[in-house]
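S.K.: If you scroll down you'll find the structure; I have some questions about it.
The values are calculated or read from the model by the stated rules, or taken from the named source; none is laboratory data. Quick caveat: nothing in here was measured; it's all calculated off a predicted structure. Ideal geometry is used to build each Cβ from the backbone, glycine not excepted, and the neighbour counts take in all protein chains shown.
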Amino acid sequence: MSNYIAGFIPRDGSLQGSRSAAYSLAMAVMAVLTLVGIASGVYSLYVGHEHTFGISREVPWGVLIAAYVFFVVTSTGLCIVSSLGHVFGYKEFLPIAKRAVYLSIVTIISGFLVIAFEIENSWRMPYGNVVGANLSSNIWWMGTLYGAYLVFMILEFIMLQRGNHKYSIILGLSGLLIGIAAHSNLGAVFGLLGGREYWHGPYMPIYFIVSAALSGCIAIIFFTCMAYKANGWKMSPVTKHSVHTVARTAILFLSTLMFFTIWKVIAGLTGVIPGKYQAMTMLISGDYAVNFWGGEVAMGLILPFVIIMIYKGKSLNALFFASILGMIGIYMMRYDLVIVGQLVPHFHGMRILNYPEQFSYTPSIYESLIVVGGIAFCGFMFLLGERVFYGHLSEK
Amino acid sequence: MKISDLEKLKSEGVEQLPSQERRNFLKLGFAVTGVYLGGTVLSLVSTFDADAAIRQGIPDGCEWPYSPHYTMVIRERRCIDCELCKVACVKTNNVPEYGYRTDILEIGAEAKHGLHDATFMPVLCNHCNRPPCVRVCPTTATWKDEVTGIVRMNPSRCIGCKTCMTACPYNARYFKEEIRAIDKCDFCWESRLSKGMKEPACVEACPAGVRMFGDLSDQKSEVFKLLHTQDAVVWVLRPETGATPNVYYTNI
């Protein structure tokens, strides 16, 4: 067993991870925060979500669903970005690919960690998913396919580490196809709900895939820069070129998403379509306007676009900064998408008295701690990965 | 006292009425007749059309896929918001304080002096023919009964993902802590119908005959007749979602 493990932990020509106290302290803090998140989740399961979460009958999905979506979007995106190098042979993407595969595994597990505490009885899933399989349910497909995706990504990672390129390509392609199928099904979880006008339609699955590609680019820029900064490594010209190439690719997806967003807004306002219109006005001029303009549009789209356009090929620090803004902006996109879609009351427009114009939701401290736990787990595994896999640098 | 009981009371007759009252009544009759006659002559078309009843959301061709095809017809105008239906539901189905299987909403426009014209609208699970909640459930913990069409729940299969709550256009579902599963109206299948009783608790409790329950596939049933009454306006809630609900509302 130890020989087998040694087989996929690279040594030669790899980077030595930082042994500094600060690095270890960061890992310890992440580990503690992860445990705090898990404790909050277990406590909530024990006393009941109704007593600890901000969710309600009217708004049953809260920040945990948003965080789950954020993590799995990032995972799918990292898988897409890694496949450009490993599966489709774009050499520029090879230096970041291994880290991307590793992080796609870490982020999907972080997503599972968060949603495990959102689902009230996750222990009923293995039995129910098999015995009660509902092939018309997007949630069923999403869960099942993401389960398979995780297996394929882990196998791909092992094959990559062992230098078995033939199998890693097959597994990588399978993982990519399953990941995209799973991810578009996640979009369809929202998009196929006829009673939720803001989500309803083919936009969601399409949007999810494009925004995954963007998330993947932004995330790998962020984590690659972070790895080199945290460990005090100097980036080789090849890796540097790779990061700049990813940034240029991000430009493509940023512009596509801007185009998508512009038309989503126009379609949401034109004709004052009931339900859709109310949700869109919450975003552009209502309670969620700061999230939308500040988070989604400025931090998620425009600023990264402008910074990358100006500094691509020149400054890694600028790209790193753009990726931090992008990560926050993308998180806001997920949050708004999940929450605003539920805020239009079911019987809106029926002149019902003492009935809210808009439902409301605020994340509770317990929910927030679980999200922090998920992010911390992701951070912990990232730091651990850099140390154990020596900067993910065994590509020959 | 129920309206049906009022109808059984003995008539006091018209013998004791003063003649002035009779004249007033006749005048009113003539006035009404005159207005209608005049209107008919002016419009030069018939005012009565047997097929003119407005029916929104009733499937064409009277095809009812279930037998018995359980349905509820709500005579909205009769509802006075006494909430006896809600009380009966809570008692019969052990509905906790924080939840509800059925509710009564108030429709109306605010008018001057704080007064408004109100109509009460009972809401419950619509037991849709194409239930969005059933489609989305990953573990078939909720399903459409093949015989009765009732949308039912198997609590022990429910993983609590709450997708059905998000999918339901009618806000008919809630998470019941006590059973760690989603709870919803099942037309009292578990508590009454499966034990041989003929109608849900809310229907039995309603003193004004608002909630009418029955088998739509039976043309002799009260609910079938109500939906096919001449001049009746019949509608369902949120028909645009395509869920084809089985709870109908009518103005008669």
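S.K.: Exactly one condition in (1) polar (S, T, N, Q); (2) within 14 Å of chain B (Cβ to nearest Cβ); (3) under 24 Å from A:Leu84 (Cβ atoms); (4) surrounded by fewer than 21 Cβ atoms within 10 Å (Cβ to Cβ) is false for A:Gln161; which is it?
M.R.: With (1) polar (S, T, N, Q); (2) within 14 Å of chain B (Cβ to nearest Cβ); (3) under 24 Å from A:Leu84 (Cβ atoms); (4) surrounded by fewer than 21 Cβ atoms within 10 Å (Cβ to Cβ) applied to A:Gln161, the lone miss is (2).
S.K.: Does at least one position in the range A:331-340 carry a residue that is part of a helix (DSSP H, G or I), under 24 Å from A:Val42 (Cβ atoms) and aliphatic (A, V, I, L, M)?
M.R.: Scanning the range A:331-340 turns up at least one residue that is part of a helix (DSSP H, G or I), under 24 Å from A:Val42 (Cβ atoms) and aliphatic (A, V, I, L, M).
S.K.: Could you grab the pairs with beta carbons closer than 7 Å, sequence gap of 6+ or different chains, first residue in the range A:321-338 and free of Cβ contacts under 8 Å to residues at least 40 places away in the same chain, second one of a type outside the set (A, V, I, L, M, F, W, C) and surrounded by fewer than 23 Cβ atoms within 10 Å (Cβ to Cβ)?
M.R.: Going by the 7 Å Cβ cut-off, the qualifying pairs are A:Ile328/A:Gly295; A:Gly329/A:Gly295.
Every residue, every condition in (1) of a type in the set (Lys, Arg); (2) part of a helix (DSSP H, G or I); (3) free of Cβ contacts under 8 Å to residues at least 12 places away in the same chain, yes or no:
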site	(1), (2), (3)
A:Arg99	yes, yes, no
A:Thr107	no, yes, no
A:Ser110	no, yes, no
A:Glu120	no, no, no
A:Trp123	no, yes, yes
A:Tyr127	no, yes, yes
A:Leu135	no, no, yes
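S.K.: Go through (1) away from chain B (no Cβ under 14 Å); (2) closer than 25 Å to A:Met333 by Cβ and name the single condition A:Ile115 misses.
M.R.: Exception for A:Ile115: condition (1).
S.K.: Go through the range B:180-189 and count every residue that is surrounded by fewer than 22 Cβ atoms within 10 Å (Cβ to Cβ), more than 10 Å from chain A (Cβ to nearest Cβ) and under 30 Å from A:Val63 (Cβ atoms).
M.R.: Going through the range B:180-189 one residue at a time, the tally reaches 0.
S.K.: Out of A:Thr52, A:Thr34, I need the residue that is touching a Ser or Thr at 6+ places or on another chain (Cβ under 7 Å) and modelled with pLDDT of 90 or more. Which one?
M.R.: Within the list A:Thr52, A:Thr34, the selection yields A:Thr52.
S.K.: Moving on. Answer with yes or no whether B:Pro155 is closer than 25 Å to B:Glu240 by Cα and not acidic (Asp, Glu).
M.R.: Taking the combined requirement at face value, the residue does not satisfy it.
S.K.: Report, by residue number, each residue of the range A:59-92 that is among the hydrophobic types (A, V, I, L, M, F, W, C) and part of a loop (DSSP other than H, G, I, E, B).
M.R.: Residues satisfying the conditions are A:Val59, A:Trp61, A:Val87, A:Phe88.
S.K.: Can you tell me which of A:Gly294, A:Gly286 is out of contact with any helix residue (DSSP H, G or I) (no Cβ under 7 Å at 6 or more places or on another chain), assigned to a helix (DSSP H, G or I) and farther than 30 Å from A:Ser18 by Cα?
M.R.: Result of the check over A:Gly294, A:Gly286: A:Gly294.
Okay, residues lined up against (1) of a type in the set (D, E, K, R); (2) within 14 Å of chain A (Cβ to nearest Cβ):
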position	(1), (2)
B:Ser191	no, no
B:Cys202	no, no
B:Ala205	no, no
B:Arg211	yes, no
B:Asp215	yes, no
B:Val234	no, no
B:Leu237	no, yes
B:Thr241	no, yes
B:Tyr249	no, yes
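S.K.: Something else about it: Looking at (1) in a helix (DSSP H, G or I); (2) in contact with a Pro (Cβ under 7 Å, 6 or more places away or on another chain); (3) of a type outside the set (Asp, Glu), which one does A:Gly194 not meet, given that it meets all the others?
M.R.: Only one criterion is unmet by A:Gly194, namely (1).
S.K.: Tell me, which residue of the range B:193-221 that is charged (D, E, K, R) and outside any strand (DSSP E or B) is farthest from the chain's Cα centre (by Cα)?
M.R.: Across the range B:193-221, the extreme among qualifying residues is B:Lys195.
A quick yes/no check of all residues on (1) under 24 Å from A:Phe93 (Cα atoms); (2) surrounded by fewer than 22 Cβ atoms within 10 Å (Cβ to Cβ); (3) at pLDDT 95 or above:
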residue	(1), (2), (3)
A:Phe208	yes, no, yes
A:Tyr228	yes, yes, no
A:Leu254	yes, no, yes
A:Leu269	no, yes, yes
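S.K.: I would also like to ask the following. Of the residues A:Ser110, A:Ser104, which single one is within 22 Å of A:Phe208 (Cβ to Cβ), away from chain B (no Cβ under 14 Å), touching a Gly at 6+ places or on another chain (Cβ under 7 Å) and among the polar types (S, T, N, Q)?
M.R.: A:Ser110
S.K.: Take the conditions within 14 Å of another protein chain (Cβ to nearest Cβ), acidic (Asp, Glu) and in contact with a helix residue (DSSP H, G or I) (Cβ under 6 Å, 6 or more places away or on another chain) and apply them to A:Glu156. Does it pass?
M.R.: no
S.K.: Follow-up. Taking the range A:126-144 on its own, how many of its residues are of a type in the set (A, V, I, L, M) and in contact with a Leu (Cβ under 9 Å, 6 or more places away or on another chain)?
M.R.: Of the residues in the range A:126-144, 2 are of a type in the set (A, V, I, L, M) and in contact with a Leu (Cβ under 9 Å, 6 or more places away or on another chain).
S.K.: Residue check: is B:Val45 β-branched (Val, Ile, Thr), in a helix (DSSP H, G or I) and at pLDDT below 70?
M.R.: No, not satisfied.
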